[in-house]
Amino acid sequence: MLDYILSQIPMFATWHNLVFFLEAAGRTLTMTLIGCGIGFTAGLAIAVLRQSRARVLAPLRMLAVAYVETFRRIPFLVILFIVLYVIQPLAPDASLLAIATVAVCLLSTAFLSEIVRAGLESVPRQQTEGAAALNFTAAQSLFLVVLPQAWRVILPPAAAFIVMFIKDTSLASQLGVIELTFAGKILVNRGFSPFLGYGAVLILYFAMSYPLSRLGAYLEKRLAPSRHS
């Protein structure tokens with residue numbers, strides 16, 4: 001077994017296979033970063049909307065709650081196929097990668113909005129009341145008072161979600177997107193040892209997720225309140 005694996009290494013470790021894996025890893029990273037980046041921005045908007053008490057926004061708040069509660073309970077694979085069958089008739093030229101990224105946006109928005117909402121609610125109400133007493137606008141209160149204090153609650157679970165979603169994007173292979181896991185499967189189907197094919201996939205997933213997890217830990221530490229203050 002070991003001899004068989006060693007004999008395949010020269011054929012496996014070629015420039016062509018390296019480029020193939022890196023392109024697939026790029027698709028995985030693209031879906032994750034674009035999808036979760038847009039999802040975080042939209043999730044912040046939804047979380048702020050749900051924090052609002054304006055009566056005129058009540059219908060929008062109800063729609064936001066329905067959206068979040070629905071998409072948090074639908075499996076990602078189902079969302080992928082729903083998005084596929086909705087987008088393809090409307091935009092036949094849309095790439096499978098773009099369709100998968102839209103699905104990531106929809107799911108990440110639902111989950112990240114709850115993470116952001118928890119962070120906003122962690123800020124004592126007295127802070128916003130004090131900002132209102134100083135004649136801060138709602139936007140000033142949000143960006144100058146609430147968010148600076150909420151980041152340390154938001155960032156750890158948000159970073160963990162993004163790192164987790166790097167792995168979950170493997171489901172996009174069901175649409176035909178050649179992401180990282182699918183790339184490993186293709187090479188295994190070509191006759192290479194699963195140890196080599198999926199071993200390379202393992203290394204590349206680690207190479208993508210570890211720096212992001214370290215960045216999340218750094219930002220958490222940087223934004224944490226000083227113990228000596």
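Observations on the structure shown:
Residue-by-condition table, conditions (1) assigned to a helix (DSSP H, G or I); (2) exposed (fewer than 13 other Cβ atoms within 10 Å of the Cβ); (3) at negative phi:
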{"site": "139", "(1), (2), (3)": "yes, yes, yes"}
{"site": "143", "(1), (2), (3)": "yes, yes, yes"}
{"site": "151", "(1), (2), (3)": "yes, no, yes"}
{"site": "156", "(1), (2), (3)": "yes, no, yes"}
{"site": "160", "(1), (2), (3)": "yes, no, yes"}
{"site": "166", "(1), (2), (3)": "yes, no, yes"}
{"site": "169", "(1), (2), (3)": "yes, no, yes"}
{"site": "177", "(1), (2), (3)": "no, no, yes"}
{"site": "188", "(1), (2), (3)": "yes, no, yes"}
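- Looking across segment 1-21, the residues that are touching a residue at least 24 places away in the same chain (Cβ under 8 Å) and hydrophobic (A, V, I, L, M, F, W, C) come down to 5, 9, 11, 12, 20, 21.
- Segment 113-125 residues that are part of a loop (DSSP other than H, G, I, E, B), paired with ones that are crowded, with 20+ Cβ neighbours inside 10 Å (beta carbon under 8 Å, 6 or more apart): 122/150; 123/146; 123/150
- In segment 37-60, residue modelled with the lowest pLDDT [restricted to those that are closer than 26 Å to residue 162 by Cβ and not aliphatic (A, V, I, L, M)]: 51
One line per residue, one yes/no per condition, for (1) closer than 19 Å to residue 35 by Cα; (2) not acidic (Asp, Glu):
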| residue | (1), (2) |
| --- | --- |
| 55 | no, yes |
| 60 | no, yes |
| 70 | yes, yes |
| 78 | yes, yes |
| 84 | yes, yes |
| 90 | no, yes |
| 93 | no, no |
| 115 | yes, yes |
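This table checks each residue for (1) farther than 25 Å from residue 156 by Cβ; (2) polar (S, T, N, Q).
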site: 65; (1), (2): no, no
site: 68; (1), (2): no, no
site: 72; (1), (2): no, no
site: 93; (1), (2): yes, no
site: 114; (1), (2): no, no
site: 117; (1), (2): no, no
site: 122; (1), (2): no, yes
site: 126; (1), (2): no, yes
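- When residue 219 is tested against (1) surrounded by 13 or more Cβ atoms within 10 Å (Cβ to Cβ); (2) not in a helix (DSSP H, G or I), only condition (2) is not met.
The values are calculated or read from the model by the stated rules, or taken from the named source; none is laboratory data. All of these numbers come straight from a predicted model, not from anything done at the bench. Neighbour counts are summed over all protein chains in view; Cβ atoms, including those assigned to glycine, are modelled from backbone coordinates with ideal geometry.
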